[in-house]
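Student: Okay, handing you the structure first.
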């Protein structure tokens, strides 16, 4: 799997909405808790949730959610998002509220309202732009898809990066090609009891999204794709869905997202160091910081800023090694994928040897080579797994059993194989 050139991927001309002059801060600037906001569209509102960890000293990322048909009444409620995303990962939540209840009506206007909500939230809080998750349920996939279609095309040299490093489709009517957008982790979920809903059916469209993403992984796209099929689940978002989606966010947050709020650093040397760190040139950033700290002429405020950046970089390196230790123990496929990414991030740092040792240990695991081969076969043969309805094609169960054995039961690939196999297991006998 080729390493993604993450630092050079930026929005093309369609992204001028992000690069344009930001709106003025609103009366909600710095406000805490949960509250409602209006947009320039009379029927399109949004709710904001500010996590407890947020402060001017601890800027946040974003989590944007598009509700399903007639689901605007859920917008004030952030329960699952707060539990798994907003509080653990310091993300400010934006729940869109379309009071007409129809995502298929004026979808472009609904997307414009979402862009307005994101830009206003960026004006009211310190947001590390490029660090975030976007999610949709049911008909909310229509504005979700159009947001990516309108603002998610990438070319080198564009004006600004993507707002998101993770995307989640919870039984979502997202019909476009997800591989045309920015590199990120993808969660795609569907229950067997909602499989036949919609037109095209959710079972058809969600399976197609997974097929496209897995095929793209073989061409250098993100390998962290989770297609979660839950036996017996209806048209809802389960806790397990959000939990597993958030686990992916944690990984791509470290691998793909920036983590410093560059505007906090007025000194040109600190601003440059922050920019290098956000581009994952951690050694280059630390070299610049060390020069500032060694400069006898640098004032105390600048040195304090340099010390703060250094601490955040060291914290991030520690988080990377902790994640890689988990992957080395549990998931050979993702260990290899993220190991390639993080090897670039930690290049020329002392901790690079620790990462190298973890990767070497992972490669020594008995199933390491077999897991990699299983992943390639899984991506290639995925189109032959599901039959009509929530069922497996002939021979798929045997294939999935082999994938599970080779990948390991605690890996994402092994978990998917286990969940797929559950589709045709006999129901337990009563009593």
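Student: Given Cα pairs under 8 Å that are at least 6 residues apart, what percent is the relative contact order of the chain?
Tutor: Numbers: 791 pairs, mean separation 59.6, N = 431.
Reported as a whole number, the value is 14 percent.
Student: Could you give the semi-axes, largest first, of the ellipsoid that matches the chain, computed as the square roots of 5 times the alpha carbon gyration tensor eigenvalues and rounded to whole Å? Before the final figure, lay out the partial values.
Tutor: Details: eigenvalues 249, 175, 59 Å².
Gyration-tensor ellipsoid for the chain: 35, 30, 17 Å.
Student: Looking at region 6-256, send over the antiparallel percent of its DSSP beta bridges, to the nearest 5. All intermediate terms of the calculation are to be shown ahead of the outcome.
Tutor: Details: 15 of 43 bridges.
For region 6-256, the DSSP antiparallel bridge percentage is about 35.
Student: Right, something else. When you take every Cα atom in region 189-258, what is the radius of gyration, and what is Dmax, the widest Cα pair distance, in Å?
Tutor: Answer for region 189-258, Rg first and Dmax second: 13.5, 39 Å.
Student: Output the antiparallel fraction of DSSP beta bridges having both residues in the chain, as a percent to the nearest 5. Spell out each step's value before the answer.
Tutor: Numbers: 16 of 44 bridges.
Antiparallel bridges: around 35 percent, rounded to the nearest 5.
Student: Right, something else. So what is the 222 nm mean residue ellipticity for the chain from helices alone, if each DSSP H run of at least 4 adds -39500 (n - 2.57) and you divide by all residues, rounding to the nearest 500 deg cm²/dmol? Can you show the working numbers first?
Tutor: Details: 13 runs with 185 residues, N = 431.
Only helices count here, giving -14000 deg cm²/dmol.
Student: In addition: For the chain, modelled as a Gaussian network with Cα springs under 10 Å, which listed residue fluctuates most, 315, 262, 36?
Tutor: 315
Student: Which one of 39, 185, 207 has the biggest mean-square fluctuation once the chain is modelled by GNM with Cα springs under 10 Å?
Tutor: Comparing 39, 185, 207 in the GNM, the peak value goes to 39.
Student: Sticking with this structure for a sec: Over all directions, the average projected area of the alpha-carbon convex hull for region 6-256 comes to how many nm²? Before the final figure, lay out each step's value.
Tutor: On the way: hull surface 49.1 nm².
Across all orientations, region 6-256 yields a mean hull projection of 12.3 nm².
Student: Turning to a different aspect of this structure: Can you classify region 350-431 as rounded, prolate or oblate using the Cα gyration tensor, where a ≥ b ≥ c are the square roots of its eigenvalues, rounded means a/c under 1.5, and otherwise it's prolate if a/b beats b/c and oblate if not?
Tutor: Working: a/c = 3.28, a/b = 2.11, b/c = 1.55.
Because a/c hits 1.5 or more and a/b exceeds b/c, region 350-431 counts as prolate.
Student: Report relative contact order for region 6-256 in percent, whole number only (criteria: Cα-Cα under 8 Å, sequence separation at least 6).
Tutor: Averaging sequence separation for qualifying contacts and normalising by length gives 21 percent for region 6-256.
Student: Moving on. Please report 253, 281, 354, 300 as a ranked list, fewest other C-beta atoms within 10 angstrom at the top and most at the bottom. Please list the in-between numbers first.
Tutor: On the way: 253 24, 281 19, 354 16, 300 7.
Final ranking by Cβ density, sparse to dense: 300, 354, 281, 253.
Student: Ranking request for peptides 51-59, 413-421: highest mean number of other beta-carbon atoms within 10 Å first, then the rest in descending order. Don't skip to the answer; put the middle values down first.
Tutor: On the way: 51-59: 14.8, 413-421: 21.1.
With the highest mean Cβ count within 10 Å placed first, the list reads 413-421, 51-59.
Laboratory data are not the source of any read-out in this text; all were calculated from the coordinates shown. Please read all numbers here as calculations on a predicted model, not as lab measurements. All Cβ positions, even for glycine, are placed from backbone atoms using ideal geometry, and neighbour counts span all protein chains on display.
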